[in-house]
Amino acid sequence: MKKNRSQARDIMLSVISILLLVAVWFLVSGSRPDFFPTPMATVERFIRLIEKPIMGVSVFGHVLASLRRVMLALIASIILGIGIGLVMGWNKKVRAAINPILMALRPIPPIAWIPLIILMFGVDEFPKVLLVFIGSFFPIVMNTMSGVALVDDMYLKVGKIYKAKTWQMLRHVVFPAAMPTILAGIKIAISSGWMVVVAAEMLSSRSGLGFLINRGRDSYDVALIMVAMILIGVVGALLSAVFTLIERKMCGWMSKE
Amino acid sequence: MDEQRVVQVHLENISKSFVSRKTIFEAVNHVTIDVYKNEFLVLLGPGQCGKTVLLNMVSGLETPTDGKVEFLNSDSTDVGFVFQKTAVFPWKTVMENVELPLELKGVPKEERRKRAQYLIELVGLKGFENALPKQLSGGMKQRVGIARAYCNNPQVLLMDEPFGALDAQTRYQMEEEILRIWEQEKRTVIFVTNNIEEAVYLADRIIVLSKCPATVKEVYDISLPRPRDYVDPEFLRIREAIEANTDLAL
Ligand SMILES: Nc1ncnc2c1ncn2[C@@H]1O[C@H](COP(=O)(O)OP(=O)(O)OP(=O)(O)O)[C@@H](O)[C@H]1O
Ligand SMILES: [Mg+2]
């Protein structure tokens, strides 16, 4: 009962604050609607976008194009990031060998890679996915490494007492113990990957939300820019909400404290 | 009973020291103990005296710097271990935790489930097979730990202050329970504690260890009939005798 009531209150507060934001938007946009479109104009633009595709791709097609790039890159960075992070966390020598390289590469923002990647791979699909990969790989590898390295000694002792082989130790002890940290890394990777894909698409692309923003700029269609920006925000928020559900499902064993 | 005691584990003059930087730290010093088959042996010693290190050497987790550990009259060196803090895996259900030792050995699911089910019922957790540890109290988690220790059917059970973290009432309850379980499934138990009352309540034999480095200080045979009573005059007499003789400043 109590919980339901406080949930209803929270939802109400969220609705109120969104309405307030829209109200502020109304006020600000009133003076120069051509320069900064009103919420109504933006919604109209969105509806028009659904009816009239750009570059033969509907607005949802553009969302999917961005999502597809992010998913491809995430699959690669999850596989490589967890794999490399696991070995690094497990084996101190491997960690000592690889860590300096990661430490030096990590601070380079994905945007700084763009010129190099364009020169090497052109402006196809692959370089965009590669950029998103660069933006999402590091949080996964770093979190996996520290999650694995910090597994409670007590748990490892249990495995040793019962003579677990290395793969059994990883499967029954290390991997599940590190799972919350690994998932937290993937969560960061998703949001950073989603940011990078837009940047990559703004460079050169014929599809995706970043492309829509560019198109809006080139044709002085500010409402289109607004539509694309809002879509980026909403889809990004949805992605992270969906992942939170997955996280809860996979780590339901964690106690609340 | 005394005349036909069979030695199950023999600790021959074992010592353990840790080398760090340039200092050598001695944790266990020249300990010789015979552990008899199916006895309830309690190692009683002050905090940080090297009790865990000693148990780790019996279990094979650590090797002595000097001396040796021998398992006699048994073809296996398998041990069960109940840990100081509950080392029950929070990501596994009660059933999955208990069956783990057999799963690691590659025992088929049906067979190991049967064994685990028997043990879960033995420790009084019937109905909680699919519960996660976060749903269990401290005492129940330690029951899971005990069932897991029995799972691969070891001859020797090592218990490292298993009830140290429990509140007093649960602790008394678990002391009673561990004896009931042990009467039903007799094994050689080496039980570590720093609590004299607990030692006298549980033990067939108490070995008192000294402060660090651990050495054998005294040995007491406790022949009080079970179930024992904490306020029985004879119980109190033994307890006081040990108290007077040992320094368990914690
Ligand atoms: N791997 C290790 N390296 C260095 N020192 C160690 C190591 N393991 C244990 N020690 C030291 O040996 C001493 C005895 O440790 P041990 O854990 O056996 O004590 P204990 O009697 O079990 O203590 P407690 O009552 O707190 O459980 C401690 O001072 C500890 O710091
Ligand atoms: Mg200890």
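The values are calculated or read from the model by the stated rules, or taken from the named source; none is laboratory data. Owing to the predicted nature of the structure, the values given are computational and were not obtained by experimental measurement. As a convention, Cβ positions derive from the backbone with ideal geometry for all residues, glycine included, and neighbour counts pool all protein chains shown.
Here are the numbers for the structure shown:
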read-out: Answer residue from the range B:57-71, given it is in contact (Cβ under 8 Å) with a residue 40 or more places away in the chain and assigned to a loop (DSSP other than H, G, I, E, B) and is nearest to ligand 2 (Cβ to nearest atom) among those; value: B:62
read-out: Among the candidates A:252, A:233, residue that is within 14 Å of chain B (Cβ to nearest Cβ), without any contact (Cβ under 8 Å) to a residue 12 or more places away in the chain and of a type outside the set (Asp, Glu); value: A:252
read-out: Within the range A:22-66, tally of residues that are under 17 Å from the mean Cα position of the chain (by Cα), of a type in the set (A, V, I, L, M, F, W, C) and surrounded by 17 or more Cβ atoms within 10 Å (Cβ to Cβ); value: 2
read-out: The listed residue being surrounded by 17 or more Cβ atoms within 10 Å (Cβ to Cβ), in contact with a Leu (Cβ under 9 Å, 6 or more places away or on another chain) and assigned by TED's automatic domain parsing to the domain that holds residue A:80, out of A:190, A:246; value: A:190
read-out: Residue list for the range A:151-169, restricted to those being surrounded by 18 or more Cβ atoms within 10 Å (Cβ to Cβ), touching a residue at least 12 places away in the same chain (Cβ under 8 Å) and aliphatic (A, V, I, L, M); value: A:151, A:158, A:169
read-out: Matching helices (runs of 4 or more DSSP H) fully within the range A:143-206 where at least 1 residues are within 13 Å of chain B (Cβ to nearest Cβ) and in contact with a strand residue (DSSP E or B) (Cβ under 7 Å, 6 or more places away or on another chain); value: A:153-161
read-out: Selection count, the range B:6-46, where residues are part of a loop (DSSP other than H, G, I, E, B) and over 20 Å from the mean Cα position of the chain (by Cα); value: 2
read-out: From the options B:42, B:35, residue that is within 23 Å of residue A:162 (Cβ to Cβ), at pLDDT 95 or above, surrounded by 18 or more Cβ atoms within 10 Å (Cβ to Cβ) and away from ligand 1 (no atom under 11 Å from the Cβ); value: B:35
read-out: Looking only at the range B:10-56, and only at residues there that are among the β-branched types (Val, Ile, Thr) and within 11 Å of ligand 2 (Cβ to nearest atom), the one that is nearest to residue B:178 (Cα to Cα); value: B:52
read-out: Some residue of the range B:149-157 being within 14 Å of chain A (Cβ to nearest Cβ) and over 21 Å from residue B:96 (Cα atoms); value: yes
read-out: Verdict on residue B:81 being among the aromatic types (Phe, Trp, Tyr), more than 16 Å from ligand 1 (Cβ to nearest atom) and either under 21 Å from the mean Cα position of the chain (by Cα) or closer than 16 Å to residue A:162 by Cα (or both); value: no
read-out: Close pairs from the range B:11-28: first in contact (Cβ under 8 Å) with a residue 12 or more places away in the chain and away from every other protein chain (no Cβ under 14 Å), partner part of a loop (DSSP other than H, G, I, E, B) and within 16 Å of ligand 2 (Cβ to nearest atom), Cβ under 6 Å, at least 6 apart; value: B:26/B:213; B:27/B:50; B:27/B:213; B:28/B:50; B:28/B:213
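For (1) buried (at least 19 other Cβ atoms within 10 Å of the Cβ); (2) over 18 Å from residue B:179 (Cα atoms); (3) at pLDDT 95 or above, each residue gets a yes or a no:
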{"position": "B:198", "(1), (2), (3)": "yes, no, yes"}
{"position": "B:210", "(1), (2), (3)": "no, yes, no"}
{"position": "B:218", "(1), (2), (3)": "no, yes, no"}
{"position": "B:223", "(1), (2), (3)": "no, no, no"}
{"position": "B:227", "(1), (2), (3)": "no, no, no"}
